[in-house]
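The values are calculated or read from the model by the stated rules, or taken from the named source; none is laboratory data. Because the structure is a prediction, the values reported are computed rather than measured. Cβ sites come from the backbone with ideal geometry, for glycine too, and all protein chains shown count toward neighbours.
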Amino acid sequence: MLARMIVELGHFALILALMIASVQAVIPLVGAHKGWRGWMALAGPAATAQFLCVAASFAALTYAFVTSDFSLRLVTLNSHTAKPMLYKISGVWGNHEGSMLLWVLILALFGASAHWFGQGLPERLRARVLSVQAMIGVAFLAFILFTSNPFLRLGVPPFDGQDLNPLLQDPGLAFHPPFLYLGYVGLSMAFSFAVAALIEGRVDAAWARWVRPWTLAAWMFLTVGIALGSWWAYYELGWGGFWFWDPVENASFMPWLIAAALLHSAIVVEKREALKSWTILLAILAFGFSLIGTFIVRSGVITSVHAFANDPERGIFILAILGVFIGGALTLFAARAGSMEAKGVFAVVSRESALVLNNVLLAVAAFVVFVGTLWPLIAELALDRKLSVGAPFFNQAFTPFMVILAAILPLGAIIPWKRARVGRSVKALYPALILALALGALAFVVGTGQSALAPIGVALGSWLIAGAAVEIWQRAGRTPARLARLPRADWGKAMAHSGLGVTFIGIACLMAWDVEDIRVARVGEPYEVAGYEITLDGVEQVEGPNYVSTLATIRMARNGREVAILHPEKRVYPVAGMPTTEAAISNGVWRDLYLVIGDEQADGGWTVRTYIKPFANWIWAGAIVMGLGGLVSLTDRRYRVAAGARRAPAVAAPAE
């Protein structure tokens, strides 16, 4: 009885959140237009109340999963009493309805945070930002209640549930969606600030300072979320790769690229009062790509292993949300574009120009990914042809932009504002350039000249890392004692750029030097792969909490010395009736040993796939360093939301 009451209260809290969001969307906006302070003051408490209601609803759904309340249709379809507790909890968002509730919870959290930490914002701007954020909340709360209600009941509850998709029963996938949504949904704050600024008709240095922490937080969470998803695909799917250019992977990557461009563009607005229109457009597009990702995952228009739903009705609803918000924002942008006059003037050779080039490369790269992702759908609708766009297209079309970006990034970070001399700036980077070329040459020699991919990747990655070190040294005035006194944002930027360099090295070396071997192995008969002696010791059947596993024991030795004993598995989840592959990996700084057990053969042997993965962990180590760089920058007191409020705003156009 108590469980049923808690679930019903969760449903009621969700309806109440929709009502509060509707009030928050209208009253403060009218108040800001009329100058009525009482109406504007309603925005903050309403944002907090909306968050508390959605949090209560999410807690009620979590309670239903933890207690295995199979009277709820969602729990029956996505849980089971024998499932480990971690996956009972992650089952809350391991489905369409629950994941959308998490989406709205994070949306409400960001809105409430703008109230809690944005007390230094101008009153009208804060009211408008919270109203726009509430409008998004209204749309998605309505979407959940009318098309994706997680609190639907079953007339006759079953004795047990149908279990969660076995692919999602993994620690990596338990934490991947929350981080990804914190990034996806966090970009709504940049969108709300952009629309509020367009309504107000004012974009200045203070606005850029206010919007940057929210964008940086979203980018940081998106970085971690994408890395977790890539790591999961690497060890869970058993194919040995780290990125498949899957439509849903691309859906998270596109807003990451646009958010990175927005971060750099906002710097130019803050420092030089230039690129205002472009920065506003990027803020709109960043959230627009997040909505496109939501549409791809939920609509079923593109097939993907990551897709949550295949429901045209839901897809049309999300498409309508996308059209209203992005179409409306772009219309408002077109109407206000003339008022966003750029004040800063800069030479062709300057940091501003370098940041413009940075933005162009990131934006075009995102567009390439967008076209490659949606082209199969466009070809089918317009040309009635079924096409497939795979890794070869993306690798060839996307990679050149990243190579150019990596080449210019250290120089662009070190040259002066407004006007610069290339020779003087390059001279400071000579040590970094020499080191990068030397390490690239070393990679060429180690690889026996078979491929240029590893030398180029190692050189570019080393160039990024060494360039970031040179920039920090220059900012400290080449004085060790001043390093500790540098602003945290400088250290955060250096960490982010270095992390990108580490990831460059990892990707290049893995793709150039990867070794793959597929064969039928027999128990007790050793074989050799890339200098490693591999022996299948045996295969046994093992029972897990909610699965049955075929578990292999494989020994790996090198030069007569045992280096690892690995246990790859093939699991079958009886309730879901679905098999999964569990790769066994011996992780190392310089290489991963990666084994996958396949099916038993008629002659008694077993299919075994062996991969030697050089520098694989550098890919995710670099992503972690990038994320930590964002976190370090966020702790800089200059980038707190209220910091910019102390500046006298430079009016670009009269407010209304």
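The condition of being over 14 Å from residue 593 (Cα atoms) and either assigned to a strand (DSSP E or B) or in contact (Cβ under 8 Å) with a residue 40 or more places away in the chain (or both) holds for only one of 535, 550, that being 550. As a summary of the residue check, residue 15 satisfies the conditions (1) within 27 Å of the chain's Cα centre (by Cα); (2) assigned to a helix (DSSP H, G or I) except for the one numbered (1). Checked against the criterion of being touching a residue at least 24 places away in the same chain (Cβ under 8 Å), assigned to a loop (DSSP other than H, G, I, E, B), buried (at least 21 other Cβ atoms within 10 Å of the Cβ) and not hydroxyl-bearing (Ser, Thr, Tyr), the candidates 432, 420, 443 yield just one match: 420. Given the criteria in contact with a helix residue (DSSP H, G or I) (Cβ under 9 Å, 6 or more places away or on another chain), part of a helix (DSSP H, G or I) and crowded, with 24+ Cβ neighbours inside 10 Å, does residue 217 qualify? No, not satisfied.
The condition of being in a helix (DSSP H, G or I) and closer than 20 Å to residue 9 by Cβ holds for only one of 59, 114, 127, that being 59. Taken over the range 126-165, the residue count meeting the criterion of being surrounded by fewer than 24 Cβ atoms within 10 Å (Cβ to Cβ) and either of a type in the set (Lys, Arg) or outside the structural domain of residue 112 (by TED's automatic domain parsing) (or both) is 1. When the range 508-532 is filtered for residues that are more than 36 Å from the chain's Cα centre (by Cα), assigned to a strand (DSSP E or B) and not small (Gly, Ala, Ser), the ones remaining, listed by number, are 519, 520, 527, 528, 532.
So for the range 479-495 (the condition being within 22 Å of residue 589 (Cβ to Cβ) and either part of a strand (DSSP E or B) or touching a Leu at 6+ places or on another chain (Cβ under 8 Å) (or both)), does at least one residue qualify? Yes. Within the range 340-373, being of a type in the set (A, V, I, L, M, F, W, C), in a helix (DSSP H, G or I) and touching a residue at least 40 places away in the same chain (Cβ under 8 Å) holds for 354, 355, 356, 357, 361, 362, 363, 365, 366, 369, 370.
For (1) surrounded by fewer than 22 Cβ atoms within 10 Å (Cβ to Cβ); (2) within 11 Å of the chain's Cα centre (by Cα); (3) modelled with pLDDT under 90; (4) of a type outside the set (S, T, N, Q), each residue gets a yes or a no:
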| position | (1), (2), (3), (4) |
| --- | --- |
| 194 | no, no, no, yes |
| 197 | no, no, no, yes |
| 225 | no, yes, no, yes |
| 236 | yes, no, yes, yes |
| 250 | no, yes, yes, no |
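Could you go through the range 523-542 and let me know if any residue there is aliphatic (A, V, I, L, M), loosely packed, with under 14 Cβ neighbours inside 10 Å and closer than 30 Å to residue 230 by Cβ. Yes, the range 523-542 contains a residue that is aliphatic (A, V, I, L, M), loosely packed, with under 14 Cβ neighbours inside 10 Å and closer than 30 Å to residue 230 by Cβ. Just one of the listed residues (533, 582) is in contact with a Pro (Cβ under 8 Å, 6 or more places away or on another chain) and closer than 25 Å to residue 509 by Cβ, and it is 533. Filtering the range 575-598 for residues that are modelled with pLDDT under 90, assigned to a strand (DSSP E or B) and among the hydrophobic types (A, V, I, L, M, F, W, C) leaves a non-empty set.
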